[in-house]
Every structure is written in C-alpha cells, then in structure tokens.
Amino acid sequence: MHELFVVTHPHAEHTERDLVGGWFDSRLTPRGRRDAGLVAQELCRRREGVGRRLRITTSDLARAAETAQILADALGAEVRADARLREISFGEAEGRPNAWLSGRQIPAPDDDRLDHRGPVPGAETRREVATRVEACVRELMADRDHDHVVVTHGYAQTFVVTTWPRVPTEAVGFASFSTRPGAITHLAHDDYWRNRAVVALADTAHLDDGLQDPQRKTI
C-alpha cells in the first residue's frame, strides 16, 4: 500500500484578521500551532507499525512550512518545501481585507472554468494552480520508496486529490473538495488491484470539536 496524507494548514494569522490569503505570507496562530501538534499526533497514530519511510513536502508559505516542521519533529521525517503547492494567488488582493476582494471577484462562467482570470491583476487561473500542483504530486506518486505527507492550502488541496486518481487537468474545471484548517485527507494506492482510493476526505476527528468552525475554510 502506497499512502499519501494531505494536510491543510491549521488556523493562520490572516484568517484571524479577515485578510485575503493566497500568497500573502502569514504564520500560524497559537491555536494553529496547537492544532498542528494534534495533526502530528494523529499521523503518528496512523503510522504505527508502518515500515515504509515517510517524506513531507510542503508549500513554502510560512503557515504551511511551520505546520510541516511540527509534523516532521513528531514523525522523524525530512521536509522539502515546494512552491508548486502554494495556494492560488489572488494577485493585488493578497493581504487586503476579504471585503475588498469580495467586491471585485467575478465567478468563472461555466464555459471558461479553467482559464477565467477575473478582474484582479496578478491573480492565477484554476488551470495554472491545477497544473503546478499536479506536477508536484505526480513526482511524489512516482516515488514508491516512501509514503508522503503533503502540507498545502484549502483551494490547492483539491488538485492534490484529483491528481491522485490521475484525473486530467481538463476535467477539473468544476472540481472542489471542501476542507477545514488542520484537516487530514488520506489517499492510498492498492499494490494488488492498483486502485487509487480516497480513504478519508478532510477528516478533523483528531481536533477538538468545540474549537472548529464548520463554516470556515482555510486558504
């Protein structure tokens, strides 16, 4: 069994301040660091008795890299930062109040889901995000000497999930897998049947329910 765990970074400072994230480089809040520790404990539990070595690959943005280091310290695994796992860029909106972006965003039309860029200068398209995330994840899929942990962001994690069963970029225009801060998605490749399964999607059972807001997503 070849396994990949996708971790969406826990609560970060820009979310607490109601600012646009994207490539805006905020760090984890105290709550976020606490939750990263709970993610680490859960991954240690799931890895008990697993002989395959583990590698952690993370977005290079601070909130993800900080999460990855907390996991690495607990799991005894090496960490590699990869900018291809960054969140979607919101261009000139990054670091501004979310209300500023909300007043300018235009939803992608059904006939242009992948290449619609919208009116905010510097923003990425869905195709651009999906293409770079896919390139990174395919490299990890080819490394069958290790299991993997990917630490990324709320929007980008959808394309980690779609890449695992080899869904082509042209088919992900409407794909969206909701997640929450500190969630774990478990992906597995069966050595015998060769199936690529989503074992668990955006699992937060390891976090304290009273501190989780089910309406709040992480980007």
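The values are calculated or read from the model by the stated rules, or taken from the named source; none is laboratory data. Just so it is clear, the model here is predicted, and its values are computed rather than measured. When we count neighbours, we look across all protein chains shown, and the Cβ atoms used for this are built from the backbone with ideal geometry, even at glycine. Note: accessible area is taken over every heavy atom of the protein model, side chains too, but ligands, DNA and RNA are not part of it. Shrake-Rupley method; radii C 1.70, N 1.55, O 1.52, S 1.80 Å.
Dipole size in debye (nearest 20) for the chain around its Cα centre, Lys and Arg Cβ +1, Asp and Glu Cβ -1? Don't skip to the answer; put the middle values down first.
On the way: 30 positive and 34 negative charges, 27 e Å.
In debye, rounded to 20, the chain gives about 140.
Computing the accessible area with a 1.4 Å probe over protein heavy atoms, can you report the carbon and sulfur percentage for the range 31-129?
Summing carbon and sulfur atoms, their accessible area is 47 percent of the total for the range 31-129.
Looking at the P(r) of the range 15-87, how many percent of alpha-carbon pairs lie beyond 21 Å?
The share of Cα pairs beyond 21 Å in the range 15-87 comes to 30 percent.
Express in nm, to one decimal, how much length is gained between Arg33 and Val198 on full extension, taking 0.36 nm for each residue of separation and deducting their alpha carbon distance.
Value of the extension gain: 56.8 nm.
State the antiparallel share, in %, of DSSP beta bridges confined to the chain, rounding to the nearest 5.
That works out to approximately 50 percent antiparallel.
Taking only C-alpha pairs under 8 Å that are 6+ residues apart, what is the relative contact order of the range 73-219 in percent? Let's see the in-between values first.
Working: 173 pairs, mean separation 30.5, N = 147.
It comes to 21 percent, rounded to a whole number.
Taking the Cβ of Asp35 as the center, what net charge do the other residues with Cβ under 11 Å away carry, scoring Lys and Arg +1 and Asp and Glu -1?
+2
Report the net charge of residues surrounding His146, where surrounding means a beta-carbon distance below 13 angstrom and charges are Lys +1, Arg +1, Asp -1, Glu -1. Don't skip to the end; give the middle numbers.
Working: positive: Arg47, Arg52, Arg53, Arg55, Arg80, Arg144; negative: Glu3, Glu78, Glu139, Asp143, Asp145, Asp147.
Neighbour charge sum, excluding His146 itself: 0.
Using the Cα gyration tensor of the chain, with a ≥ b ≥ c the square roots of its eigenvalues, what is the shape: rounded (a/c below 1.5), prolate (a/b larger than b/c) or oblate (neither)?
Oblate is the answer for the chain, as a/c is 1.5 or above yet b/c matches or exceeds a/b.
Residues of the chain: accessible area per residue at 1.4 Å, in Å²? List each step's numbers first, then the result.
Details: 10040 Å² over 219 residues.
That works out to 46 Å² for each residue.
Would you calculate the volume per residue, in Å³, of the smallest convex hull containing every Cα atom of the range 59-169?
Considering the Cα atoms of the range 59-169, their hull volume per residue is 106 Å³.
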